[in-house]
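Scroll down for the structure; my scribbles are underneath it.
The values are calculated or read from the model by the stated rules, or taken from the named source; none is laboratory data. None of these values were measured; they are calculated from a predicted model. Glycine gets a Cβ as well: all are built from the backbone with ideal geometry, and neighbour counts include every protein chain shown.
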Amino acid sequence: MNPVYVEGIGLCGPGLDGWAASQPVLIGMKDYVPAPTRVQPASLLPPNERRRAIQTVKLALAVGAEALAAARLDLTESATVFASSGGDGETIHQIMSVLASSDRELSPTRFHNSVHNTPAGYWGIATAARTPSTSLGCYDGSFAAGLIEAAVQATVEVRPVMLIAYDVPYPAPLGDLRPISAAFAVALVLSPKPTAATLACLKPCLHSATDVVSRVVPSSLEALRCGTPAARSLPLLAALACEGDSFVVIDYLDNMTLALDVTPRLRALPPNGGRQERSSA
Amino acid sequence: MSSAVQSLPATMPLAFSDFTVVTSLGRGRDNTVVALREGRSALASCTFDNFPFPTYVGEIAGLDAAPLRGELAGFDCRNNRLAAITLREDNFVESVAVARQRYGAARIGVFVGTSTSGLLQTEAAYRRREPITGRLPPDFDYPRTHNTYSLARFVREVLDLAGPAFVVSTACAATAKVFATAARMIAADVCDAAVVGGADTLCATTLYGFHSLGVMSEEPCRPYDSERCGISLGEAAGFVLLERPDHRHGADTILLLGYGESSDAYHMSSPHPEGLGARIALEAALASAGIKPDAIDYINLHGTATSVGDSTEDRAVFDVFGAATPCNSTKGFAGHTLGASGVVEAAFCALAMRNGFLPGSPHTRSVDPRLKSRYVREGYPVHIERVVSNSFGFGGANCSIVLGIAT
């Protein structure tokens, strides 16, 4: 796969309130303090939609807006790829409960919120972006699958593509069968060529599953990585937060991992290739 | 790394090395062609899951009696049963085996779409919850049935493939968008070939859900009819093996020539009133194929027979093609098969090109005079070489694909 350039990052997880605040935690400069995920209100949505927005929508919109602002892109410029292990757990649980009862009438809003691409639909409504949008699922490998789709789309279609990966815990009884430890979302704006906003270069490559998957420290962050499919992104985020070159391997399929060479901005750009002058490190 | 964008091979065209389809019209290509030519609809009064409201559905017979066994037993649900039956039709498994021999299992991707996945299994499990604890029954296998990824995992297993895989789930546009995904993956050298398509099956969630939206017809759906009053649900599966065309592909090979994707950015369950998203997808598809609108011989519409859906699509189609290009919706044959409709209609178009006919529009009696496109009600024999197929879904997901036949 051709390299892609990370132009902006959004992050929302338990004790991880945005990309800027989370970087010191990810590189071990600051202790990780687990706390319930704080999701910002979906201020991009019109007030009537904001009130009834479900958790997956709020999460996706929050990280998407953060990443695009960092990338200095207009909200309508980027194509989008949404990746999650499943739909909104609470919505599915409510629908299943109603259908198992004697009165099986569903709410139309709940029904349209049950589709896998609900956050993508609301992202469009919120931003007026008419660009292509894909929503996909790949169980525990959903983040890697989304990153592959987004990176390939960026290089083949030669346009910026934002990946938004998110997962939320399922309520019982579904949660007993599909434990997801926390609400977590990450957004990466990927560009086929470097720009003034470029943070790093990623070179993705499919590897066999015999490669050892990268872990994160401390152990409480590692537990989050293992417990939430979208948090499989944490080793990549830690690599993006540090200043040196990194090689990370993330979970994808039972027989396949996604390996990434991560080169921070100053090394990712050729001499004088960056349009914004910075003092040399 | 100084050359930021390395040159990539063109995404188009790609060849349908093989394809297969199962709807309520019948199993496999031959049965489907007969029904399409005859204009025979398979829609019947709904008895599924004791659904209490009058409606018609395209239900596939025999799925209840076809459980998955042995190593595949954990995948057993209506959606995967239909996928299994479909993969076994039309020698599809054998064609994939040839490709596997040629490229290796790890170089064949699986990009399939579904909206329902095995949701019916979870509906049944919730009716069997343990009364005191509320637990779901121990035989319910969530990851391999209900989870969005289930179908791709199942297809990979059945076809013995080991390449990159995921499920695209963009409601009723899912199995059109997988063509775009596969084309990009092959262009980026992530894989050499791909199995695309998908499956969607009847379940209470979609029956009661569309009923709650007030868009379900009490009679068989009548796309573009002046008295159209909503959709008839159906279930279906279809799969296509996509590869770069080469000398092995004969004169009647179906080609993927282009794709176009867009978002409505308007409403979760209603299309943009001026058909703006649909028009963007259509124009992008033609641009990607490098052809002008007048090169298209037939447009297979999304045409679900809702009042607003048909009129907004008509506006988009008329804006791009004018009133010259024959078009219609084939939803009257086997219903709206939701997430499967993209690949089903790609298969219908492929069969129409190969067998020299234009399918009709069963149940459409008088075309709405307010709609301006050239709507074809009765099918007829004709040589067609290039077609467009539209798929639009909840959340404003739009995808148009351009198909052609090698001459």
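Is it fair to say B:Phe154 is facing another protein chain (nearest Cβ under 8 Å) and either surrounded by fewer than 24 Cβ atoms within 10 Å (Cβ to Cβ) or more than 17 Å from the chain's Cα centre (by Cα) (or both)? Walk me through it before giving the result.
Details: facing another protein chain (nearest Cβ under 8 Å): no; either surrounded by fewer than 24 Cβ atoms within 10 Å (Cβ to Cβ) or more than 17 Å from the chain's Cα centre (by Cα) (or both): yes.
Considered against the rule, which asks whether it is facing another protein chain (nearest Cβ under 8 Å) and either surrounded by fewer than 24 Cβ atoms within 10 Å (Cβ to Cβ) or more than 17 Å from the chain's Cα centre (by Cα) (or both), B:Phe154 comes out as no.
Given the condition within 9 Å of chain B (Cβ to nearest Cβ) and either closer than 28 Å to B:Gly277 by Cβ or touching a residue at least 40 places away in the same chain (Cβ under 8 Å) (or both), answer yes or no: does some residue in region A:158-167 qualify?
Here is the first cut: in region A:158-167, the residues within 9 Å of chain B (Cβ to nearest Cβ) are A:158.
Among the residues that remain, those that are also either closer than 28 Å to B:Gly277 by Cβ or touching a residue at least 40 places away in the same chain (Cβ under 8 Å) (or both) are: A:158.
Taking every residue of region A:158-167 in turn, at least one turns out to be within 9 Å of chain B (Cβ to nearest Cβ) and either closer than 28 Å to B:Gly277 by Cβ or touching a residue at least 40 places away in the same chain (Cβ under 8 Å) (or both).
Working only within region A:117-142, note down all residues that are in contact with an Asp or Glu (Cβ under 8 Å, 6 or more places away or on another chain) and either of a type in the set (Lys, Arg) or closer than 20 Å to A:Val4 by Cβ (or both).
A:Ala129, A:Arg130, A:Thr131, A:Pro132, A:Ser133, A:Thr134, A:Leu136, A:Gly141, A:Ser142
Kindly indicate whether any position in region A:116-127 is facing chain B (nearest Cβ under 8 Å), of a type in the set (Ser, Thr, Tyr), surrounded by fewer than 24 Cβ atoms within 10 Å (Cβ to Cβ) and in contact with a strand residue (DSSP E or B) (Cβ under 8 Å, 6 or more places away or on another chain).
Taking every residue of region A:116-127 in turn, none turns out to be facing chain B (nearest Cβ under 8 Å), of a type in the set (Ser, Thr, Tyr), surrounded by fewer than 24 Cβ atoms within 10 Å (Cβ to Cβ) and in contact with a strand residue (DSSP E or B) (Cβ under 8 Å, 6 or more places away or on another chain).
Yes or no, residue by residue, for (1) part of a loop (DSSP other than H, G, I, E, B); (2) farther than 28 Å from B:Gly118 by Cβ; (3) out of contact with any Cys (no Cβ under 8 Å at 6 or more places or on another chain):
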{"residue": "B:Ala305", "(1), (2), (3)": "yes, no, no"}
{"residue": "B:Asp319", "(1), (2), (3)": "no, yes, yes"}
{"residue": "B:Val344", "(1), (2), (3)": "no, no, yes"}
{"residue": "B:Leu351", "(1), (2), (3)": "no, yes, yes"}
{"residue": "B:Val387", "(1), (2), (3)": "no, yes, no"}
{"residue": "B:Val402", "(1), (2), (3)": "no, yes, yes"}
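Consider B:Ala284 carefully, then state whether it is crowded, with 19+ Cβ neighbours inside 10 Å, under 27 Å from B:Ala97 (Cβ atoms) and in contact with a Gly (Cβ under 8 Å, 6 or more places away or on another chain).
Considered against the rule, which asks whether it is crowded, with 19+ Cβ neighbours inside 10 Å, under 27 Å from B:Ala97 (Cβ atoms) and in contact with a Gly (Cβ under 8 Å, 6 or more places away or on another chain), B:Ala284 comes out as no.
Just wondering, is there one or more residues in region B:93-114 that are crowded, with 17+ Cβ neighbours inside 10 Å, among the charged types (D, E, K, R) and within 24 Å of B:Gly339 (Cα to Cα)?
no
Consider B:Gly332 carefully, then state whether it is part of a strand (DSSP E or B) and of a type outside the set (D, E, K, R).
no
Within region B:326-338, does at least one residue satisfy the condition of being among the charged types (D, E, K, R) and buried (at least 24 other Cβ atoms within 10 Å of the Cβ)?
Going through region B:326-338, the residues among the charged types (D, E, K, R) turn out to be B:331.
This time we only want the ones that are buried (at least 24 other Cβ atoms within 10 Å of the Cβ), so: B:331.
So far as region B:326-338 goes, yes, one or more of its residues are among the charged types (D, E, K, R) and buried (at least 24 other Cβ atoms within 10 Å of the Cβ).
Within region A:92-115, work out how many residues are in a helix (DSSP H, G or I) and more than 7 Å from chain B (Cβ to nearest Cβ).
The qualifying residues number 7.
Hey, which of the helices (runs of 4 or more DSSP H) in region B:75-192, taking only ones fully inside, have at least 3 residues that are more than 24 Å from B:Gly260 (Cα to Cα)?
Numbers: elements: B:78-88, B:92-103, B:119-127, B:142-145, B:150-159, B:174-187.
Those helices (runs of 4 or more DSSP H) span B:78-88, B:92-103, B:119-127, B:142-145, B:150-159.
Would you mind finding the one in A:Gly8, A:Gly28, A:Gly15 that is farther than 25 Å from A:Val168 by Cβ, small (Gly, Ala, Ser) and touching a helix residue (DSSP H, G or I) at 6+ places or on another chain (Cβ under 9 Å)?
The conditions single out A:Gly28.
What are the residues in region B:1-36 that are in a helix (DSSP H, G or I) and either modelled with pLDDT under 85 or surrounded by fewer than 17 Cβ atoms within 10 Å (Cβ to Cβ) (or both), if any?
Hits for region B:1-36 are B:Asp30, B:Asn31, B:Val34.
Scan B:Glu261, B:Glu274 and give me the residue that is acidic (Asp, Glu) and in contact with a strand residue (DSSP E or B) (Cβ under 7 Å, 6 or more places away or on another chain).
The conditions single out B:Glu261.
Give me the residue from region A:143-178 that is out of contact with any helix residue (DSSP H, G or I) (no Cβ under 7 Å at 6 or more places or on another chain) and part of a loop (DSSP other than H, G, I, E, B) and, out of that set, surrounded by the most Cβ atoms within 10 Å (Cβ to Cβ).
This residue is A:Pro173.
From the list B:Ala73, B:Ala99, B:Ala83, which one is touching an Asp or Glu at 6+ places or on another chain (Cβ under 8 Å) and either within 14 Å of chain A (Cβ to nearest Cβ) or among the aliphatic types (A, V, I, L, M) (or both)?
None of the other options fit; the residue is B:Ala99.
Is it the case that A:Leu16 is in contact with a Leu (Cβ under 6 Å, 6 or more places away or on another chain), modelled with pLDDT of 95 or more and under 27 Å from A:Leu202 (Cβ atoms)?
Taking the combined requirement at face value, the residue does not satisfy it.
Out of (1) over 29 Å from B:Gly393 (Cα atoms); (2) in contact with a helix residue (DSSP H, G or I) (Cβ under 8 Å, 6 or more places away or on another chain), what's the single condition that is false for B:Gly109?
(1)
One line per residue, one yes/no per condition, for (1) over 19 Å from the mean Cα position of the chain (by Cα); (2) β-branched (Val, Ile, Thr); (3) closer than 20 Å to A:Thr109 by Cβ:
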position	(1), (2), (3)
B:Ser217	yes, no, no
B:Cys221	no, no, no
B:Tyr224	yes, no, no
B:Ala237	no, no, no
B:Arg244	yes, no, no
B:Asp252	yes, no, no
B:Asp264	yes, no, yes
B:Gly275	yes, no, no
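Check whether at least one residue in region A:136-156 is at pLDDT 95 or above, under 19 Å from B:Phe210 (Cα atoms) and among the small types (Gly, Ala, Ser), and report yes or no.
no
Could you list, in sequence order, all residues of region B:165-192 that are more than 7 Å from chain A (Cβ to nearest Cβ) and either closer than 15 Å to B:Leu338 by Cα or at pLDDT below 95 (or both)?
First, the residues of region B:165-192 that are more than 7 Å from chain A (Cβ to nearest Cβ): B:172-176, B:178-180, B:182-183, B:186, B:189, B:191-192.
Within region B:165-192, B:Cys172, B:Ala173, B:Ala174, B:Thr175, B:Ala176, B:Val178 qualify.
Yes/no matrix, rows are residues, columns are (1) surrounded by 15 or more Cβ atoms within 10 Å (Cβ to Cβ); (2) part of a loop (DSSP other than H, G, I, E, B):
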| position | (1), (2) |
| --- | --- |
| A:Val6 | yes, no |
| A:Gln23 | yes, no |
| A:Val39 | yes, yes |
| A:Asn48 | no, no |
| A:Ala53 | yes, yes |
| A:Val57 | yes, no |
| A:Val63 | yes, no |
| A:Leu75 | yes, yes |
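Does region B:201-218 contain any residue that is surrounded by 24 or more Cβ atoms within 10 Å (Cβ to Cβ) and among the charged types (D, E, K, R)?
So far as region B:201-218 goes, no, none of its residues is surrounded by 24 or more Cβ atoms within 10 Å (Cβ to Cβ) and among the charged types (D, E, K, R).
Suppose we keep only residues that are surrounded by 24 or more Cβ atoms within 10 Å (Cβ to Cβ) and among the charged types (D, E, K, R) within region B:258-278. Which one would you say is farthest from the other protein chains (Cβ to nearest Cβ)?
Filtering region B:258-278 for residues that are surrounded by 24 or more Cβ atoms within 10 Å (Cβ to Cβ) and among the charged types (D, E, K, R), the one farthest from the other protein chains (Cβ to nearest Cβ) comes out as B:Asp264.
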